[in-house]
Structures are given as structure tokens and as C-alpha cells.
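Colleague: Take this structure first; my questions come after.
The values are calculated or read from the model by the stated rules, or taken from the named source; none is laboratory data. Please read these numbers as outputs of a predicted model, since none were measured by experiment. Reconstructed Cβ throughout: ideal geometry from the backbone, glycine too, with neighbour counts over all protein chains shown.
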Amino acid sequence: MSRILGLGALGITAASTLAVWQTRFNPRIHEASNCQMERLKGLPTREAIVDSLKKEKQFDVLVIGGGSAGAGVALDAQTRGLKTAMVEYGDYCCGTSSKSSKLIHGGVKYLETALKEMDYEQYKIVQEGLKERINVMKCAPFLSHTFPVLVPTYKWWQSVYYWGGVKVYDFLAGKCIPSKFVSKEEAIEICPTIRKEGLRGAMLYYDGQQNDARLVLVVALTAIRYGAKCVNHTECVDLLKDSDGKVTGAIVKDHISGETYKINAKVVVNATGPHNDHIRKMADPNRKPIIMGCSGIHLTVAKYFCPGNTGLVNPKSSDGRVIFSFPWENVTIVGTTDDEAEPSHSPNVSEKEIQYILEEMNRSYAKEYQIKREDVISAWSGIRGLVWDPRKKNHRTLARGHVVDAMAEETMNKVVENNRFDEVKPCATRGMKFEGGLNYTPMLYREISRKYGLEEKVASHLCHTYGDKVYEVLKLCKSTGKQFPAIGHRLHPDFPFLEAEVRYAVKEEYARIPADILARRTRLSLLDARAAKQVLPRVVSIMAEELGWNPCQQKKNYEAGLEFLKVEMGVFNLGKGKGERMELTSSEESQIASIFKKIDKEGRGTFSSSDLKEFLNEQKKSQNVQKDILVDVITEANDGNRFISQEELQKIYLNIKNGSYKGRRLIDHLGELKTE
């Protein structure tokens, strides 16, 4: 034990000294962008971009892949004065970049590895990540923020160990809210759901959080604003080569129009993440694979599992991984796995992975706050592409690589170094305000709420999604016909997303299929897959109006949207896991029959609100409840029917037993069943 603490102290001292030195002598962390290029006043249509890609004789740079790396490279290249094009197989950020843990961080886990193994590569990843956190919060302040994270300790040495590690994290982060150790009582007050048995205290530190898909989208939009020709739903089907075998461009297929065309370029950048080997083999079929796919799954559960907007981390699961629950967009995200996986454009989540996450995270929760299988309202997986290193003992020790700005800058530095370009400018993206960030202020939501008669929750959502482009969204809102809210029709009553956002996404953000809206423009499918399924028909209807879809196209897009929710969001695998649905016992069935017989005195085979009212008066329960309320209770529990049969009552009790909310008020009036 003393050896571990001694090595930890040595590592902390060394890392702290290096962090202070590098922060002091690296002023670029806080510099503003020096980009002098003019921005386009209006974004071109998707059709105009495609036309430019076809007509342009030769681009300086063609980027294949429109995730975080690809969008970053496209912006960096274009703002250096290079004529840039980018194509993305699906939607912008439709892959791994949109299915992350929503963090902008260096990675406490990587820092621990760096200190314990004296691994400078891991240390650099942490440092770059924390520098990028500063940069992102300057470039897109409306899409990023800090939030508190709690790391509980259950042994005395853990308190010392985690305190030292988190303090180094503070040093590397530079100017930030300082971490601190809190007592057991303070930890429980901050996070009432935490496991209390053996709790000694907790480390409270602050990390960065982002809306990952929208961040990548605004990077791509900013690149287009500076003149880059970026297009989504366009697949690279082959590479162009000259007589010497040098890659000179790509043959691409537009999945929207079905058209195939060529794009010529001096340099082609492969930014396809886990699909990197697929493009490499187009260049040379004999090349050996270098990418290992690694899946990270996340589950969405209710917000109350992370009270007070504080995240909870279990730093050591049973197999040594880090498991966490973080608040995000008024829900809780729980994750994550780290397993080898084949690259896929439509990854899914297995029941085994769901059970693993729940079991491991519940070790950090009190018994009364355990996350149950039926609490899962969405489940998704992202496949990371890791470069295999034979020196590493397994895939979990492989470096997760760079972050958007640093990776883009290093890539373009190498491109410029290895190719002859005339008058290339230096990198200008650090500190650059992305699309929506130029005139954004934290109090913008208050201003538009007051001016336009919007609900504060909706106004806040709009401002933290679109920044200063919120006014363009408001122009598309329709009157509600009410005094308040005056404008804006919600897509779903439980979420702040508006129908006008669908129109804006199609007009200004290049959304072309329902999944673009549900997963990456609004994020609804990640927040609640079943709610996304409910609004799918309306989303298709609005998109049809904007894009001129005929009935056949509407049906095709609806079915594609349903398939996306089924495969990638687990919409048909929510609630109880397969084979886990509970049934009523014979004792419970007898109790229900007895309750029904007491309510249905006349033996009609059904009971109404009047029968229920009489029963409650006799039982001296809920005597003050008005009849019209009981009518609502019955219709809500029985799908709009005002009468309930014994079989239907059994079904209501059974659904409640299996985690359903529908009928809960009726059961509260009738009483819970006694268990054997």
C-alpha cells in the first residue's frame, strides 16, 4: 500500500510540475482566432453544394468523413485558404461522434493510467483534451458548460489517492473551478442516491459537457460559411488514382439523389474513424488493417438518478472499468462499455451489455435508488476506431487519440508539410466562434422568452441549441392561438422541441431523413426512444412539406426512421429485458378478483366511475375525490374506455408490476396487492 501511495505521489509531483510549466509557456490555449476570411452571408443549399462539387476542376483538400475529425479538418483547411471539400457517408456526426459520453474532458481514467504506468502518451491525451475543453467553451459557449462530478470513497487510502489524482487534473485544466474533498454527509446531500454503506466521503470535481452532434454540426456549418463544400449522405465508393497509383480524388454516390460523380483533389484525407481500413484498402488492397473497433454503449434513464445536476462515477467496476451516470438534457446517461466490436454504420446494444451497465452502476447507488431494467428509455452504441499498437497488452490500454481541434490542426500541418501549396495560412481555428456563437450571451433565453411569449424551458432549449441563430428558428414558428405561449408548437408534450426546428433543420442544417432530426438535430431519440417513435409520423409529415415527398417517399422514410429507432436506439427492446416479464401469481389474481367483485356489486362484468366512487366511500378511501377525476383515472388506465372489466383490471395490475406508469393513479385508489 505504501508503495502504491509513494508511486502515486511521485507521479503527481512530476505531472503537476510538467502541467504548470506547459500551461505557463503555452499561451495558445487562451488565444483568439486570427482568421481574416469573410463568412458567407447565407448558407448555400445542399443542391448548390453538390453542383459545386461536380463542377470544380480540382480541390486542394478532399476530406472523407464528416464526424468530429472530418469536420474539424475541413474547417481548418478552408480557413488556411485551401479549397476544401468534404463528403460524409451518412449525416454529419451520425457515427461515433454523436454517441459519446457527452464530455469535453481529458479523461480522469487516462490520467490514472499515465501516472501509474508513467505513460507520456496517455498524459498528452489528457492535456490535449483539457486544452480542447477551454477552446470549445470559447468557440461554442451555447453548446458546452461545466458540471460537478462526485467520486465516492469507501476506504481511507482511496480518499488520499483520488484527491491527489483529481488535483493533478485541476492543474492540467488550468483556470477552472477547484476540486475538493467533501464529507460523507456533504456527499449524501449533494447526491442522495449514492450508496451510503461504508461511505467515507467523496471527491467533487468539475468537468466539461457538450451537445456532441450539434457541436460537430456547427463546425461543419462554419466550414461551409467560410466557403468549404461539405455534403452529407454521400458515400465514397472508390478512389481516383493517377498512372503512378497516387490518389487524386474520389468517386462518390449521393444517397439522396442516387447520382454518382467524381471529385478531384490534390490531397485526400481519410477521416472515417472505425471505417478507416475500408478507405485504406481502396487505395491499396494489400494494406494490412490497423484499426480495431471498440464499442461504448450508453443507456438513458430518468433525471432523478442524478439529482442536482451532479454526475456520479464508479472508478473501479468489477472488471476495472470506469462506470458513470451523468446528467444531460434533463435525463441521466449511464455508461459505458469498452469491448472489441466490428465497425458498423448501424451498431446496436445487446441485452448482455445493458445488464452489465446496470449491475455495475447500481453498486454505487443506494438500495432504494437502484436502476431497474424498465427504467431504461433509450440505449445506443458508438464504435470507436483505435489504432492498434502491438506494444499494448490489450485494447483498453490503447490511446483514444486526439480531440477535434488538435487532431485537425496536426493533420493539416502534416498535409501542408508533405504537399506544395501556394500561400498557405497558419491554423486559425483556435478561439474561432462557431456558427451560432458570434453574438450569443448566457441571458439570451430570457430576452427571447419575454419578447416572443415563449415558455422559459423552450426558450432555454432553443438558445442552448442554436445560439444566436435562434431568431432564424423563431421566424418559422407558428402562432399557438393562445395568450401564452404565443408561438411554437411542441413536437412532444414532454420535451421542448418545436415543429419549427424540423423545418429549420431541413432548410438551414441539411437534414434529409427522419433520423437526422430525431438523433442529431433534436437528440430526442437518445433522450427517449419511445417519444421519438411517437413523433416520427409528424416529423415525416413536416419533412414531406419541405422536401416535396410524395406518399410513397413518405412511407419509405417513415419505415427507415422506424428501423433506425429499432436497431440503433433499441425502441422495441425497452422496458423489461427479453424473458424477464413478470406474471401475476395466483394469490394476486385472487386479490384482484376480490377487489373487482366488491366494486361490481351488481355483477355487470364491468365497473364505472360511479361504481368506483361508491366503493371508495365504503372503504373510506379517497372520499374527497370528485367523480370527474375518477372518470379521468379510469380512461387513462384503460386506453380511453370508461368501463373496466376484471380481465382489464388484471392487465392494469400486471403492467404496473412490469414497470408501466399507466394506471398508477387507479392502483393508488384501489391499493397495492399483498405479496406472499
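Colleague: Confirm whether Gln78 is among the polar types (S, T, N, Q) and not in a loop (DSSP other than H, G, I, E, B).
Modeller: So Gln78 fits the description; yes.
Colleague: Contact list please: Cβ distance under 7 Å, first residue in the range 174-202 and at positive phi, second residue surrounded by fewer than 13 Cβ atoms within 10 Å (Cβ to Cβ) and at pLDDT 95 or above, pairs at least six apart or on different chains.
Modeller: Gly201/Ser183
Colleague: Name the one entry in Glu618, Glu636 that is assigned by TED's automatic domain parsing to the domain that holds Lys662, in contact (Cβ under 8 Å) with a residue 24 or more places away in the chain, among the acidic types (Asp, Glu) and surrounded by fewer than 17 Cβ atoms within 10 Å (Cβ to Cβ).
Modeller: Checking each option against the conditions leaves just Glu636.
Colleague: Can you find a residue that is surrounded by 21 or more Cβ atoms within 10 Å (Cβ to Cβ), touching a strand residue (DSSP E or B) at 6+ places or on another chain (Cβ under 8 Å), of a type in the set (Ser, Thr, Tyr) and more than 30 Å from Pro148 (Cβ to Cβ) anywhere in the range 226-239?
Modeller: Looking for residues that are surrounded by 21 or more Cβ atoms within 10 Å (Cβ to Cβ), touching a strand residue (DSSP E or B) at 6+ places or on another chain (Cβ under 8 Å), of a type in the set (Ser, Thr, Tyr) and more than 30 Å from Pro148 (Cβ to Cβ), one finds at least one in the range 226-239, hence yes.
Colleague: For the range 240-259: of the residues being surrounded by 19 or more Cβ atoms within 10 Å (Cβ to Cβ) and among the small types (Gly, Ala, Ser), which is farthest from Gln78 (Cα to Cα)?
Modeller: Among them, the one singled out is Ala250.
Colleague: Something else now. Pull up the range 468-505, narrow it to residues that are of a type in the set (Val, Ile, Thr) and farther than 19 Å from Asp528 by Cα, then point me to the one that is farthest from the chain's Cα centre (by Cα).
Modeller: Looking at residues that are of a type in the set (Val, Ile, Thr) and farther than 19 Å from Asp528 by Cα, I get Thr480.
Colleague: Just name the residue that is farthest from Leu221 (Cα to Cα) out of those in the range 523-550 that are outside any helix (DSSP H, G or I) and in contact (Cβ under 8 Å) with a residue 24 or more places away in the chain.
Modeller: Asp528
Colleague: Another question, then. Does the range 126-154 hold any residues that are surrounded by 20 or more Cβ atoms within 10 Å (Cβ to Cβ), in a helix (DSSP H, G or I) and either β-branched (Val, Ile, Thr) or touching an Asp or Glu at 6+ places or on another chain (Cβ under 7 Å) (or both), and which are they?
Modeller: Once the filter is applied, which keeps residues that are surrounded by 20 or more Cβ atoms within 10 Å (Cβ to Cβ), in a helix (DSSP H, G or I) and either β-branched (Val, Ile, Thr) or touching an Asp or Glu at 6+ places or on another chain (Cβ under 7 Å) (or both), the range 126-154 yields Val126, Glu132, Asn135, Val136.
Colleague: Another one. What's the number of the only condition in (1) of a type outside the set (Lys, Arg); (2) assigned to a loop (DSSP other than H, G, I, E, B); (3) surrounded by fewer than 19 Cβ atoms within 10 Å (Cβ to Cβ); (4) within 24 Å of the chain's Cα centre (by Cα) that Asp422 fails to meet?
Modeller: Unmet for Asp422, out of (1) of a type outside the set (Lys, Arg); (2) assigned to a loop (DSSP other than H, G, I, E, B); (3) surrounded by fewer than 19 Cβ atoms within 10 Å (Cβ to Cβ); (4) within 24 Å of the chain's Cα centre (by Cα): (4).
Colleague: Now for a separate question. Mind telling me which of the residues Lys316, Lys281 ends up being free of Cβ contacts under 8 Å to residues at least 12 places away in the same chain and closer than 30 Å to Gln158 by Cβ?
Modeller: Only one candidate qualifies: Lys316.
Colleague: Right, here's the next one. Is it the case that some residue within the range 180-202 is assigned to a strand (DSSP E or B), modelled with pLDDT of 95 or more and hydroxyl-bearing (Ser, Thr, Tyr)?
Modeller: Checked the range 180-202: at least one residue is assigned to a strand (DSSP E or B), modelled with pLDDT of 95 or more and hydroxyl-bearing (Ser, Thr, Tyr).
Colleague: Moving on to the next point. Is it true that some residue in the range 551-566 is touching a residue at least 24 places away in the same chain (Cβ under 8 Å) and part of a loop (DSSP other than H, G, I, E, B)?
Modeller: Checked against the condition, which is being touching a residue at least 24 places away in the same chain (Cβ under 8 Å) and part of a loop (DSSP other than H, G, I, E, B), the range 551-566 yields no hits at all.
Colleague: In the set Ile134, Ile190, Ile104, which member is in contact with a Lys or Arg (Cβ under 7 Å, 6 or more places away or on another chain) and hydrophobic (A, V, I, L, M, F, W, C)?
Modeller: Answer to the check: Ile104.
Colleague: Moving to a separate point now. Just a yes or no: is a residue in the range 103-125 within 29 Å of Cys236 (Cβ to Cβ) and in a helix (DSSP H, G or I)?
Modeller: There is at least one residue in the range 103-125 that is within 29 Å of Cys236 (Cβ to Cβ) and in a helix (DSSP H, G or I).
Colleague: Considering only the range 515-534, I want to know if a residue exists there that is of a type in the set (Val, Ile, Thr) and over 16 Å from the mean Cα position of the chain (by Cα).
Modeller: There is no residue in the range 515-534 that is of a type in the set (Val, Ile, Thr) and over 16 Å from the mean Cα position of the chain (by Cα).
Colleague: Determine the pairs where a residue that is in contact (Cβ under 8 Å) with a residue 24 or more places away in the chain, located within the range 581-604, has a partner that is exposed (fewer than 13 other Cβ atoms within 10 Å of the Cβ) with Cβ atoms under 7 Å apart, the partner being 6 or more residues away or on another chain.
Modeller: Thr585/Glu676; Ser587/Glu676; Gln591/Lys674
Colleague: Just to check your reading of the model, which residue among Pro274, Pro327, Pro343 is buried (at least 19 other Cβ atoms within 10 Å of the Cβ), assigned to a loop (DSSP other than H, G, I, E, B) and either of a type in the set (Phe, Trp, Tyr) or in contact with a strand residue (DSSP E or B) (Cβ under 8 Å, 6 or more places away or on another chain) (or both)?
Modeller: Pro343
Colleague: Which of the residues spanning the range 356-373 are of a type in the set (Gly, Ala, Ser) and more than 17 Å from Arg321 (Cβ to Cβ)?
Modeller: Ala366
Colleague: Taking the range 431-467 on its own, how many of its residues are of a type in the set (D, E, K, R), assigned to a helix (DSSP H, G or I) and under 24 Å from the mean Cα position of the chain (by Cα)?
Modeller: Total meeting the criteria: 2.
Colleague: If only one of Pro307, Pro285 is surrounded by fewer than 22 Cβ atoms within 10 Å (Cβ to Cβ) and under 29 Å from Val387 (Cα atoms), which one is it?
Modeller: Pro285
Colleague: Looking only at the range 468-491, which residues are of a type in the set (Phe, Trp, Tyr) and either at pLDDT 95 or above or assigned to a helix (DSSP H, G or I) (or both)?
Modeller: Listed by number, the list holds a single entry, Tyr471.
Colleague: Arg520 - would you say it is in a helix (DSSP H, G or I) and among the charged types (D, E, K, R)?
Modeller: Here the answer is yes, as Arg520 does meet what is asked.
Every residue, every condition in (1) hydroxyl-bearing (Ser, Thr, Tyr); (2) under 32 Å from the mean Cα position of the chain (by Cα); (3) closer than 22 Å to Glu342 by Cα, yes or no:
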position	(1), (2), (3)
Asp242	no, no, no
Asp254	no, yes, no
Asn264	no, no, no
Ile297	no, yes, yes
Thr300	yes, yes, no
Phe324	no, yes, no
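Colleague: In addition: I'd like the residue in the range 640-660 that is surrounded by fewer than 13 Cβ atoms within 10 Å (Cβ to Cβ) and out of contact with any helix residue (DSSP H, G or I) (no Cβ under 9 Å at 6 or more places or on another chain) and, out of all such residues, is modelled with the highest pLDDT.
Modeller: Glu647
Colleague: Does any residue in the range 41-62 that is closer than 19 Å to Ala250 by Cα and in the same structural domain as Tyr89 (by TED's automatic domain parsing) come within less than 9 Å, Cβ to Cβ, of a residue that is surrounded by fewer than 17 Cβ atoms within 10 Å (Cβ to Cβ) and among the acidic types (Asp, Glu) six or more places away or on a different chain, and which pairs are these?
Modeller: Val50/Glu259; Lys54/Glu259
Colleague: While we're here: Output the number of the condition that Asp611 fails; it satisfies all remaining conditions of (1) modelled with pLDDT of 90 or more; (2) surrounded by fewer than 18 Cβ atoms within 10 Å (Cβ to Cβ).
Modeller: Asp611 satisfies all of (1) modelled with pLDDT of 90 or more; (2) surrounded by fewer than 18 Cβ atoms within 10 Å (Cβ to Cβ) except (2).
Colleague: Still on this structure, please answer the following. Assess whether Ala544 counts as being of a type in the set (Gly, Ala, Ser), surrounded by fewer than 17 Cβ atoms within 10 Å (Cβ to Cβ) and more than 16 Å from Arg46 (Cβ to Cβ).
Modeller: Criteria met by Ala544.
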